[in-house]
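These notes are about the structure you will find just below.
The values are calculated or read from the model by the stated rules, or taken from the named source; none is laboratory data. This one's a predicted model, so the numbers in the text were calculated from it and none came from an experiment. Positions of Cβ are backbone-derived with ideal geometry, glycine not excepted, and every protein chain shown enters the neighbour counts. When the accessible area is computed, the model is the full protein with side chains, heavy atoms only, and any ligands, DNA or RNA have been set aside. Shrake-Rupley method; radii C 1.70, N 1.55, O 1.52, S 1.80 Å.
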Amino acid sequence: MKEEMLADVVVYKKDDSFIGKLIKQSAWVFMSLPFVVYIIMFRYVPIGGWVMALQNYWPGKNIFQKQWVGFDNFKMLFEDPVFFQVLRNTVAISAIKLFSGMFFSILLALILNEVRNLKFKRITQTISYLPYFISWVVAANLVLNVLSIDGGIVNEVLLALRIIDEPIMFMGIPKLFWWIAGASHVRKEVGWGAIVYLAAMTSINPNLYEAATIDGASRLQRIKYITLPGIKSVVVLVLIMNIGQLLNAGFEQVYLMSNGRVIEYARIFELFELDFGLKMFRYSFAAAAGIFKSVVSIVLVFSANLLAKLLGQERLV
Amino acid sequence: MLLKRRSLEDILLDTFVYVSLIFLIIVTLYPFLNTIAVSFNEGLDSIKGGIYLWPRKFTTFNYRSLLGRQQIYHAAWISLMRTVLSVVFGVLSTAIVAYTLSRKEFIFRKFISVLVIVTMYINGGLIPTYFVYRAYGLTGSFWVYVWPAILHAFNVIIVRTYIEGLPDSLIESARIDGAGEIRIFLRIIIPLCMPVLAVVALFTAVAAWNAWFDVFLYNPSSPKLSTLAYELQKVLQSAQAMSASMEQAMSRAAAGTGEVTPRAIRATMTVIVTVPIAVVYPFLQKYFVHGLTLGGVKE
């Protein structure tokens, strides 16, 4: 009897070693192994490709023929005036999108929360998510149609109201591009963005509203003193999470909506990489711009994480 | 009982609520409805403007003409294949990785978790990724649409969190009954994870169906590998390069030779590409709202 127990203990101990565990968990190891290889091949090897920014990369040459140039590409990048234009446009477009997107999503959530006709509320919500699932190819085209100078509805309405005398070519005004990008982003994502705030509103204790009503609070006062404070933590969380995205201005949208006339206000990092890299064959130079963007984004993510911790929020990463 | 009287504030607030929601509905739906109307209107008539919600000179010519082109069917087939394969491989691989990462005793749990999560924040970027895929022989190939898309860190985390929420006793009792790991995964984990896997499938499918940039980047010179989304993108980009007078001239020339006008092609292609999503959308709606709340509970 005693010996048997002892044997059990020995077996247990043997099982606890790394090799023992490896054998015992071999099924899990075999299940995950192909995906570890996959992740390294498809996600990490391209990061390893960053070394090309330190070279004068030309495809086709083998690795020994590569010419190492140190940080020359970065030096050139920071001396290029177009680079600062790119940085300005990227930050401006994404900041406009972030703040207007959040503002209108919160507003929509507050409005939907005031609708008492549940059927109308559900239908409106369903319609409001729809554009989120339609590609930017379609969305950008719809925006261009609506703003077009021949027969676009915006120009027609403005003409009919006699606000303007002749149609305005909205997509040809450089300074307007940031705001059109922001507005079309809001149109596409406002309904989807509102979901998270609506979810936060449903978790507010209904007793608070009842008590406030008995105390004579009006609906606006209830929104101001109960609903808004109730979703404050979610708003802060969404804001922090998006700080890491400040250099992501939304490549597809900007690429599809921009044109030669507005390029000075539309050229963001990815457009810069495409134009200089794949069109002008300055691969290493363009890669350096991409790396700059990635590195700054990582710094932003970790700063946001630190900020979240300081504010007593959950960890994000 | 107190007399219930609607105050002025109440009336104003309700008016504001309904007016702004109706405005939202119009802004969301009008461009789509207008595009549908233009797609059913005679091309040469459309360039005069003034088409709103209903075609003025009704015709199915635009559809008959576009759907008579072989290229459309081929592109639709490629779009469908990439969507189906991305969903099948994507859901399966996400489930497998998420399951192994949900096992607390798994010796590589920490290592693989870090490996996965880092990819959420760092990627190679456009140019290095392009050359690496080219070195793999993925350029000029159909598989460049599928392989890069099958495993996304965010999906893995959602599914892992979901599996961690399942009662351990289910798996334990299966193990006591002698079920192997593969059997547990296929017979217990997969069926229990259906709701969250449906969300992953939906997002993967929408992304695959809508994708055009990878076609543009990796396969620009292989018409056989073009997709519907890319065909639409080409039509729209060429339209943007055109001035209004050029477009009118082209429309007249097209109408003269019995072709579809550029504006009609644009509208009709937009409808053809969007309809599949609009059709499945109402059925899947309940899943993705659920999915977003799942995303919200991630650590």
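Points worth noting:
- Taking the helices alone, chain B has a mean residue ellipticity at 222 nm of -22500 deg cm²/dmol, built from -39,500 (n - 2.57) per DSSP H run of at least 4 residues and averaged over all its residues.
- Taking 0.36 nm per residue of sequence separation and removing the Cα-Cα distance, the B:PHE142/B:GLU105 pair yields an extension gain of 9.4 nm.
- For A:LYS293, the aspartates and glutamates whose Cα falls under 15 Å of its own Cα, not counting residues fewer than eight places away in the same chain, are A:GLU270, A:GLU273.
- Under-5 Å amide H pairs with A:GLN55, H placed in peptide plane, nonlocal only: A:VAL69
- Computed E for A:ILE153/A:ASN259 - FRET, C-beta separation, R0 25 angstrom, nearest 0.05: 0.80
- Neighbouring partner chain Cβ atoms per residue of A:107-117, average, 10 Å criterion: 3
- Of the DSSP H helices in chain B, those whose Cα atoms cover at least 15 Å axially and whose Kyte score averages 0.5 or more: B:8-39, B:70-102, B:109-121, B:153-164, B:194-210, B:262-296
- Distance between modelled label sites at B:ILE190 and A:LEU107, nm, 7 Å Cα→Cβ extension: 4.8
- A Förster radius of 56 Å, combined with the Cβ-Cβ distance separating B:ARG64 from A:VAL69, puts the computed FRET efficiency at roughly 0.45.
- Helices that extend 30 Å or more along their long axis by alpha-carbon positions and average at least 1.0 on the Kyte-Doolittle scale are, among the DSSP H runs of chain A, A:81-113, A:283-310.
- Remark: accessible surface ordering of B:TRP147, A:TRP68, A:TRP28, A:TRP58 (largest first) is A:TRP68, A:TRP58, B:TRP147, A:TRP28, probe radius 1.4 Å.
- Note on exposure: A:PHE78, B:PHE89 ranked by accessible area (1.4 Å probe, complete protein assembly) read A:PHE78, B:PHE89, with the most exposed listed first.
- Dipole magnitude for the stretch A:72-310: about 700 debye, using +1 per Lys or Arg Cβ and -1 per Asp or Glu Cβ, origin at the Cα centre.
- Pairs exceeding a 18 Å alpha-carbon distance, out of A:LYS97/A:LYS175; A:LYS232/A:LYS309; A:LYS97/A:LYS121; A:LYS24/B:LYS104; A:LYS119/B:LYS286; A:LYS175/A:LYS279: A:LYS97/A:LYS121; A:LYS175/A:LYS279.
- The stretch A:104-262 shape via C-alpha gyration tensor axes, a/c threshold 1.5: prolate
- Efficiency of FRET between A:ASP80 and B:ALA241 - r from beta-carbon atoms, R0 30 angstrom, step 0.05: 0.65
- Whether chain B is rounded, prolate or oblate, judged on the alpha carbon gyration tensor where a/c under 1.5 counts as rounded: oblate
- Other protein chain Cβ atoms within 10 Å, averaged over every residue that makes up A:216-229: 1
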